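Chemist: Have a look at the structure that comes next, please.
Derivation of every value follows stated rules applied to the coordinates shown; laboratory data play no part. It should be emphasised that the depicted structure is a prediction, and the values quoted were computed from it without experimental measurement. Please note: Cβ atoms are built from the backbone with ideal geometry, for glycine as well, and neighbour counts cover all protein chains shown.
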Amino acid sequence: MQQQSLFETTHVGAIELKNRIVMAPMTRSRSAQPGNTPTALMAEYYQQRASAGLIITEATQISPQGQGYSWTPGIHSAEQIAGWRQVTDAVHQANGKILSQLWHVGRMSHESFHPDGKPVAPSALSPDAQVWVVNSHGVGEMVACPVPRELTHSDIQQVIADYRQAAINAMAAGFDGVEVHGGNGYLIDQFLRRTSNKRQDEYGGSLANRVRFAQEVLEAISDAIGAERTGIRLAPFITQRGMDDPQACEAILALAAWCETKGIAFIHLAEADWDDAPQVPYEFRETLRATFSGTIIVAGNYTREKAEKLLAAGVVDLVAFGRPFVANPDFPRRLKENLPMAGISNPATLFGGTEVGYTDYPFLATEV
Ligand SMILES: Cc1cc2nc3c(=O)[nH]c(=O)nc-3n(C[C@H](O)[C@H](O)[C@H](O)COP(=O)(O)O)c2cc1C
């Protein structure tokens, strides 16, 4: 097999990339209030990081119902589309490519985001988890997720329609495509797993039924914007948030086989979410590669060495980095030239706030 490299050009579906380094999606909670609207500061932040071959935005709610955390941006209003246009223009001016990460949190939400006080989910089961919510004094805190309301059949059709419209909005905002957030215990993941999905209709029970919702979302989106601009993020080995289902891998491989038949552009594995970072068995990588011939992206505690090894073995095509991009806007250059990496100086600036800890991390000087 030909040796591949992080710094070679490639493509994902219809999108040409200048290297194989992806900036992983990272929530930074800096949208303008009220309205959850992307800002000029967000455009600057993403533009600074446009030396990545591909940027995937922070998770972005497809509807008011899809929100679970304070100050996350949406892509369901005209103001939000206009806000995102600033971001995509800034990234494209810097010769970058950018996808919108489409998000519905399902039960990972809080009363305060819902007129009836109830988040929605496949089944009325609490995730035993917390979300970040800004209180009436303007202070962000982690709060428990309540027991959600079970989605009706017609609610599910509405959510699928919301995903489709959000993808259309993303293209109107100038994105190169979309990534559906199907991991980390959010709505799509909640349908995939038996721990969170106890439904008795065609969206629950058997493996085929549990993957149906993800398939219908991807189908609706790819019909609207093209499969070659549509991908999905999945987290087969993550167990937190009440998601520990030993059959999760089977569901994900079944979905991957379906993605193959539909020409979905990519599958993105979230291998670590904070400390929930189990080892991915190599056998799983080989099975996924044998199942899916589109682009495979991986993320989670990657080093250059680990990335190059898996690229060379042909089991992955692109490698995403999250935390390194927070403090190193010029991360690809530092990686390539083996230059010093900065660390996150103050974790309190990760979620919410100003330019501090956001756009004020410096680039390295040209000569170092
Ligand atoms: C501050 C922060 C916010 C994150 N927000 C998201 C998100 O919005 N969507 C998502 O899919 N993953 C999110 N993640 C997970 C990252 O995309 C990535 O998978 C994780 O950080 C592991 O990669 P790393 O070890 O290179 O940081 C977030 C991670 C961090 C650190």
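Chemist: Over all directions, average the projected area of the Cα convex hull of segment 5-349 and note it in nm².
Modeler: Working: hull surface 62.4 nm².
The Cα convex hull of segment 5-349, projected and averaged over all directions, gives 15.6 nm².
Chemist: Hey, what's the Cα Rg ratio for segment 130-172 versus the globular rule of thumb, 2.2 N^0.38 Å?
Modeler: 1.70
Chemist: How much FRET efficiency would the formula 1/(1 + (r/R0)^6) give for Gln215 and Lys306, where r is the Cβ-Cβ distance and R0 is 41 Å, rounded to 0.05?
Modeler: 0.85
Chemist: Determine the alpha carbon to alpha carbon distance for each of Lys18/Lys309; Lys97/Lys309; Lys198/Lys309 and list only those over 30 Å.
Modeler: Lys198/Lys309
Chemist: What ranking do His153, His181 get, fewest neighbouring Cβ atoms within 10 angstrom at the top?
Modeler: Ranked by crowding around the Cβ, least crowded first: His153, His181.
Chemist: OK, next. In which sequence would Tyr358, Tyr186 go, from the one with the fewest C-beta neighbours within 10 Å to the one with the most?
Modeler: Tyr358, Tyr186
Chemist: If you average over every viewing direction, what projected area does the convex hull of the Cα atoms of segment 268-368 give, in nm²? Before the final figure, lay out the partial values.
Modeler: Working: hull surface 31.2 nm².
Result: 7.8 nm².
Chemist: Along the charge dipole of segment 5-349, Cβ charges K/R +1 and D/E -1, which of Ile225, Leu269, Leu253 sits furthest on the positive end?
Modeler: After comparing all options, I get Leu269.
Chemist: Which translational diffusion coefficient, to the nearest whole µm²/s, is obtained for segment 6-137 from the Stokes-Einstein equation, given a Kirkwood hydrodynamic radius over C-alpha pairs, 10 °C and 1.306 mPa s? Walk me through the intermediate numbers first.
Modeler: On the way: Rh = 15.9 Å.
For the chosen part, D equals 100 µm²/s.
Chemist: Would you calculate a helix-derived [θ] at 222 nm for the chain, using -39,500 (n - 2.57) for each DSSP H run of n ≥ 4 and dividing by the full residue count, to the nearest 500? Provide the component values of the computation, followed by the final result.
Modeler: Numbers: 10 runs with 116 residues, N = 368.
That calculation yields -9500 deg cm²/dmol at 222 nm.
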